[in-house]
Amino acid sequence: MFLMWIVPLLLIGLVIYVVSGNNIINALKPVVSRSCPHCDQAVQSDWKNCPHCGRTL
Ligand SMILES: [Zn+2]
């Protein structure tokens, strides 16, 4: 009878682990692109100047 309770609990825990794990991975994922503070166009994080408006990032 104990296994009848532990199996669904493990499945629920696994689902929560996978969902929260994906969120953690997304949160820790390095930002590969951001937006220019002046013209709001997408720019790479290592760019020094915005190619759209030419202003310093
Ligand atoms: Zn810009």
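Distances between placed amide hydrogens fall under 5 Å for residue 43 paired with 34, 35, 36, all partners being 5 or more residues away or on another chain. The modelled label-to-label distance for the pair residue 9/residue 42, using points 7 Å beyond Cα in the direction of Cβ, is 4.6 nm.
We did not get these values from a lab; they are worked out from the coordinates using the rules stated. Model, not experiment: these values are computed from the prediction. Using ideal geometry, Cβ is built from the backbone for each residue, glycine included, and neighbour counts are taken over all protein chains shown.
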